[in-house]
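Notes follow once the structure below has been shown.
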Amino acid sequence: ENESLKYGSQYEGKRQDEAMQKFRENRLGQFIHWGLYAIPGGKWDGKIYPGAAEWLQSWADVPPEEWSKLINQWNPDEFDAQEWAHMAKEAGFKYMTVTTKHHEGFCLWPSEYTDFDVASAPNKTDIMGELIDAYTKVGIDVYFYYSILDWHHPDWRYDIKSEEDEQAFERYKTYVDNQLTELVERYPEVKGFWFDGTWDKSVKKNGKWTLEIQQMLKSLKPGMIVNSRLRADDHGSRHFDSNDKLMGDYESGYERRLPSFREDTIVTTRDWEAVMTVPENQWGYHQDWSVSHVKSTNEVLEWITHSVAMGGNMLVNIGPKPDGTIRQQEKTLMKEIEQWMDINGEAIYAGDYLGWEKQDWGYYIADQKTNEVYALVFNVPVTQKITVATPEGISIEEAHPLKDESESLKISEKGPNEVFIHLPQPMFEAPYVIKLKVSGKDGSKGTYR
Ligand SMILES: C[C@@H]1N[C@@H](c2cn(-c3ccccc3)nn2)[C@H](O)[C@@H]1O
């Protein structure tokens, strides 16, 4: 039995208005994490910290007043918003989400509510203004990331445990409300907000405020899109209210992880978006990417495909350098995504969950508008044929590779409602065996028994 909630989910099901439909059809977006943290780039007092670079202030335990001095080094003199927008357009990104203010509290736009912003730095460029103009001009929708958690602002609180906390957090809520209003008024082309830093008790005790933020943004700009991560309900339940109903306009719980085809097909009943780093866990610029695994382009393409195949969006992150240039690994990645999307983008854009039985060779995607069906092969079977099991009464007539649609792949009967589609050329001719050298923590060779 559902309890009545004042600050829970405001509506059920997917929003069907034009703005949300566009979000759903975009599918592939670019995430940009930029801020003062790019300056040290994961290194403090000569020591490299392997943790996320945008959290360096925390890993190196830097006092806020010391961290704030970084503002005097903010000078992205190579920053060229048009160049970034062009690269993103060529790569095939349909939308972009950029940090206006991360946990460090530094604001990448001239805010009248703080001096901890670009207007108070040596280089006063309005980064948000330049980016939203350049990206909107090339037809890429722009969304703003905004961290509620703020390590700089004196009125931020992790929890509300006293009258003093209460009063301080009231001031902080006003600061946030003012900044969000300012962002929409200064940059009216913004399509939505990606809230982060909402896991602390102070926010969970202010579910009403999180709903008011959502309502304020939609009154400032009808059609505004707000992620579930902003929201807490009457009892502090996040993303989903105490009746397990999704809050906000889409689920934003998938950060550096993806829903499973085996356990999580529930996600296909709602709008959702996954966000992903190229290294194992670096959103902001880190000068030493050798600290972790860095995903190959094919791995990134599989993350994108997996998300779309489960009816979701994917944001692929870049962390620009302090001088305003993009690191070579990210430029190469965008170029290789471009090369793949130029041929295969039609399977991604407006793609959606098909619902046929998941196969080991890869993923199916159905086009929301044309009803075309695509098979995206990532794991080539040694048989050189992929199995396609169709629902009762559905059969496969033809199979054409997007690389050359004039080519027809052979289809042969495998069984009732099952066919083989023959792949064009042998890749692995036999099961591929890898000998692993294994060591156990007690010095054993990790033998299997
Ligand atoms: C989108 C990503 N979200 C931010 C983040 C994630 N987390 C976090 C906090 C607690 C547990 C796991 C992850 N803290 N900050 C990252 O800094 C980045 O902005």
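Coordinate-derived values only; no laboratory data. All values reported here derive from a predicted model rather than from experimental measurement. Here the Cβ positions follow ideal geometry from the backbone for every residue, glycine too, while neighbour counts run over all protein chains shown.
The figures follow:
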{"read-out": "Value of relative contact order over the chain, rounded to a whole percent, pairs C-alpha under 8 Å and six or more apart", "value": "17 percent"}
{"read-out": "Span from the the stretch 91-133 Cα centroid across to the the stretch 283-313 one, whole angstrom", "value": "24 Å"}
{"read-out": "Neighbour-limited loop hits for GluC sites (Glu not before Pro), the stretch 1-43 (at most 11 other Cβ within 10 Å; DSSP other than H, G, I, E, B)", "value": "Glu1, Glu3, Glu12"}
{"read-out": "Per-selection Rg to Rh, the stretch 1-67 - Cα, Kirkwood hydrodynamic radius", "value": "1.27"}
{"read-out": "Filtered GluC sites (Glu not before Pro), the stretch 339-401: DSSP coil and at most 14 other beta carbons within 10 Å", "value": "Glu357, Glu372, Glu392, Glu397, Glu398"}
{"read-out": "Shape category assigned to the stretch 203-304 from the gyration tensor of Cα positions, a/c cut at 1.5", "value": "prolate"}
{"read-out": "Kirkwood Rh in Å, taken over the stretch 23-167 so that all alpha-carbon pairs contribute", "value": "16.6 Å"}
{"read-out": "Order of Phe169, Phe378 under a 10 Å beta carbon neighbour criterion, fewest first", "value": "Phe378, Phe169"}
{"read-out": "Residue exposure sequence - Ser242, Ser111 - by fewest surrounding Cβ within 10 Å", "value": "Ser242, Ser111"}
{"read-out": "Beta bridges per DSSP with both ends in the chain, % antiparallel, nearest 5", "value": "45 percent"}
{"read-out": "Volume per residue of the C-alpha convex hull in the stretch 18-351, rounded to whole Å³", "value": "131 Å³"}
{"read-out": "Integer Hz, Karplus 6.51/-1.76/1.60 couplings in order for the stretch 311-325, x for Gly and Pro", "value": "x, x, 9, 9, 9, 9, 8, 10, x, x, 6, x, 7, x, 9"}
{"read-out": "Pair-distance profile P(r), taking every C-alpha pair of the stretch 291-383, with 10 angstrom steps and integer %", "value": "15, 42, 29, 12, 2, 0"}
{"read-out": "Degrees between helix 163-186 axis and first principal axis of the chain (Cα, 0 to 90, nearest 10)", "value": "60 degrees"}
{"read-out": "The stretch 284-399: relative contact order as a whole-number percent, Cα under 8 Å and 6+ apart", "value": "21 percent"}
{"read-out": "Using alpha-carbon coordinates, inclination of helix 328-348 to the longest axis of the chain, degrees", "value": "50 degrees"}
{"read-out": "Cut-off under 5 Å, modelled amide H: who pairs with Ala232 long-range", "value": "Thr210, Leu211"}
{"read-out": "Within the stretch 301-401, trypsin sites (Lys or Arg not before Pro) in DSSP loop having at most 13 other beta-carbon neighbours inside 10 Å", "value": "Lys369"}
